[in-house]
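Working notes for the structure below.
The values are calculated or read from the model by the stated rules, or taken from the named source; none is laboratory data. If you're wondering where the values come from, they're calculated on a predicted model, not measured in any experiment. Backbone-built Cβ (ideal geometry, glycine too); neighbour counts: all protein chains shown.
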Amino acid sequence: MYQSQLLIVCVCLTLLLILKIMNINLNFRIRSNNILDTSSYKYDKVKYNIMFLMLCTSNYDHICTNGASYVYTYCKLHNYRFKIFRKNLNDKLHINFSKFEMVKQAMIDHPEIDYFVHIDADVVFTSYELSIEQLILEFSDTPSAKCFAPSDTLFSIVNIPYVSLGLCYSSMNAGFMIWRYDSLDIIERYLQTAEHTQCGKKFNSINPRNQNVWDMCFKDLLNKGDFSYIPWELVGTNNSKIIYQIYISHNKFGYDYVNHKHDLVDDVSEHIISNSSDVITLL
């Protein structure tokens, strides 16, 4: 009798948890659809100084020159700045962590910037209209939000409609992150965690390395309100409506990368490859 009652309680609690998560997913989907309604933008008068950052090492040129072309077009339209970093910035950690070192360096070098956006090279923009200002203002869960990232999940790479499974917001996607000018302390503490703590050393070599360290070792150390999610419907997976990662699709599912070749890729590629600087300013 006792075991059957316990089983019923467990089932009920599980159902309540699933319903709660699905409600969060539904709320995010509604907010995503609202922000895509360009007929009534409420953030037109808000303008920040924004800089995009991309890590593009020479062995990745065949991918990042195309991604950089999309980012260049987007940044030029919205009057954002855009820099490309060409080398690993931390020899003690996997190169995946260099994107955080990249943001750290840019923050120190550019105190005039309000928000920094680091973006992976394997991206395609399907729309250029939505601004970073709109993402920040729509999805700041608190006024103190210092960093933003899309939600992510293992299901995102197999095209399963995982929103209905309530599994979407278990992790962040480190391929696209927005950092406020005063978030340097978060980046430094995160890198310290990745390199020097027992937990960080355990997960910094297990793919996806930077996301694992964030989820398993670091996110609970953040101050309440520091971090906000951006819905995966907008950014980050191969189903997102604004920015999605094509390289995952290309490798895993035979996605035709050539179909997403940007018109400017040849010009951008020549500019990047012919430049010997460690940091290249495109805009």
With the condition kept exactly as written, say whether any residue in the range 146-153 is in contact with a strand residue (DSSP E or B) (Cβ under 7 Å, 6 or more places away or on another chain), crowded, with 21+ Cβ neighbours inside 10 Å and over 20 Å from LEU234 (Cα atoms). no
Restricting attention to the range 119-134, does a residue exist that is acidic (Asp, Glu), surrounded by 21 or more Cβ atoms within 10 Å (Cβ to Cβ) and modelled with pLDDT of 90 or more? yes
Taking only the range 201-223 into account, find how many residues are small (Gly, Ala, Ser) and farther than 22 Å from ASP120 by Cα. 0
Boolean, MET102 is closer than 29 Å to ASP266 by Cα and at pLDDT 90 or above: yes
From ILE84, ILE63, ILE95, grab the single residue that is among the β-branched types (Val, Ile, Thr), out of contact with any His (no Cβ under 9 Å at 6 or more places or on another chain) and at pLDDT below 95. ILE95
Kindly establish whether ILE108 is β-branched (Val, Ile, Thr) and within 23 Å of ARG180 (Cβ to Cβ). yes
Evaluate the following for THR281: is it of a type outside the set (Phe, Trp, Tyr) and either modelled with pLDDT under 75 or within 28 Å of ILE50 (Cβ to Cβ) (or both)? yes
Expected output for the range 39-59 (first residue closer than 12 Å to SER131 by Cα, partner at pLDDT 95 or above and in a strand (DSSP E or B), Cβ below 6 Å, 6+ apart or cross-chain) is TYR48/TYR115; ILE50/TYR115
Show the residue pairs meeting these rules: Cβ distance below 7 Å; 6+ apart or different chains; first residue within the range 134-148 and farther than 19 Å from LEU184 by Cβ; second residue among the β-branched types (Val, Ile, Thr) and assigned to a loop (DSSP other than H, G, I, E, B). LEU137/VAL46
Residue selected from the range 222-242 under the condition modelled with pLDDT of 80 or more, under 16 Å from SER171 (Cβ atoms) and in contact with a Cys (Cβ under 9 Å, 6 or more places away or on another chain), by the criterion surrounded by the fewest Cβ atoms within 10 Å (Cβ to Cβ): LEU222
Quick one: how many residues across the range 154-204 are at pLDDT below 90, assigned to a loop (DSSP other than H, G, I, E, B) and hydroxyl-bearing (Ser, Thr, Tyr)? 4
Which pairs turn up if I take residues in the range 173-189 that are surrounded by fewer than 21 Cβ atoms within 10 Å (Cβ to Cβ) and look for partners that are at pLDDT 95 or above and small (Gly, Ala, Ser) with beta carbon separation below 6 Å, at least 6 apart in sequence or on another chain? none
If I filter the range 81-140 down to residues being among the polar types (S, T, N, Q) and not in a loop (DSSP other than H, G, I, E, B), which single residue comes out as farthest from CYS199 (Cα to Cα)? GLN134
Identify, please: which residue in the range 224-236 is aromatic (Phe, Trp, Tyr) and in contact with a Ser or Thr (Cβ under 9 Å, 6 or more places away or on another chain) and is, among those, nearest to THR126 (Cα to Cα)? TRP232
